[in-house]
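The values are calculated or read from the model by the stated rules, or taken from the named source; none is laboratory data. A quick note: this is a predicted structure, and the numbers were derived from the prediction, not measured. Cβ sites come from the backbone with ideal geometry, for glycine too, and all protein chains shown count toward neighbours.
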Amino acid sequence: MPAPTPEPAPASVPDIYDPAFVAGLFDRCAANYRWWSAISSFGFTRTWRRQCVALLPPTGPGATVIDLMAGTGELWPHLLRRFPGLASITALDISRNMHLHAVDRLHRTRASRITHIEADALTTDLPEARADLLVAAFGLKTFTPAQQATLARQVARLLKPGGHFALIEASDPHGWALRPLYRAYIDHALPLIERLFLRGAQDFTMLGPYTRNFRDCTHMAEALHNEGLTVTFHRHFFGCATSVSGHKPA
């Protein structure tokens, strides 16, 4: 089923898919992102990141990884644990504050193995065929279907022939009997908790409209397939998260 196309926002309403809006949103969230996402998801985000990395096949020493929309680097411990022979991780994120929290505060001891670049994943000029492995966690929902198609072209461009990818995103579990409770939690309970405990902030509440518009990874799977990649679609916990994995034919 084609992904629904978000309706254009009125002039007085910010475009939540504009890269500048997304960068500002995550700049404001950066200081609380790590602990808030873990607590508000009841630990599922950590599980889903581990499951995302587990979708990648074993690889020999010297492999290179690109982490798109890297955030504060929550995927890196899972990557380094599963692939102890990794040569390097190149991490991109559009948010400067996410970059600072990732490198300067959370992963200083791993700095020699990780290069963090402040850049838009849609427009990065990293050299093609650079990565043996490519990953992304919880950034896809901030892209429209057209932007997802652009991202798919970047994934195909950045992967070496024979390289593998795994991308995961929080989703809207259509067809699940408990979806109304899930939506009530995302759309109403979380914004209230955020206002009470984060001094009236309203940034994490964007999870509601982003997941509702994104729905799941179906459109991303189609976009990756259209770029000549092999693609497998996965559901996690009744569809509360979905992922895609596959490889670039050699």
Inset, instruction - Taking the residues in segment 76-101 that are more than 15 Å from the chain's Cα centre (by Cα) and over 16 Å from T59 (Cβ atoms) as candidates, determine which candidate is surrounded by the fewest Cβ atoms within 10 Å (Cβ to Cβ). - result: R96
Legend entry - So Y182, is it touching a Lys or Arg at 6+ places or on another chain (Cβ under 6 Å), among the aromatic types (F, W, Y) and in a helix (DSSP H, G or I): no
Legend entry - P161, sole failed condition from (1) surrounded by fewer than 17 Cβ atoms within 10 Å (Cβ to Cβ); (2) assigned to a helix (DSSP H, G or I); (3) out of contact with any Ser or Thr (no Cβ under 9 Å at 6 or more places or on another chain): (2)
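What residue, of P57, P77, is assigned to a loop (DSSP other than H, G, I, E, B) and more than 23 Å from E194 (Cα to Cα)?
None of the other options fit; the residue is P57.
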Legend entry - Failed item in (1) modelled with pLDDT of 95 or more; (2) under 22 Å from S171 (Cα atoms); (3) of a type outside the set (S, T, N, Q), with P4 passing the rest: (1)
Legend entry - Top-ranked residue in segment 200-240 [being among the charged types (D, E, K, R) and assigned to a helix (DSSP H, G or I); ranked as surrounded by the most Cβ atoms within 10 Å (Cβ to Cβ)]: E222
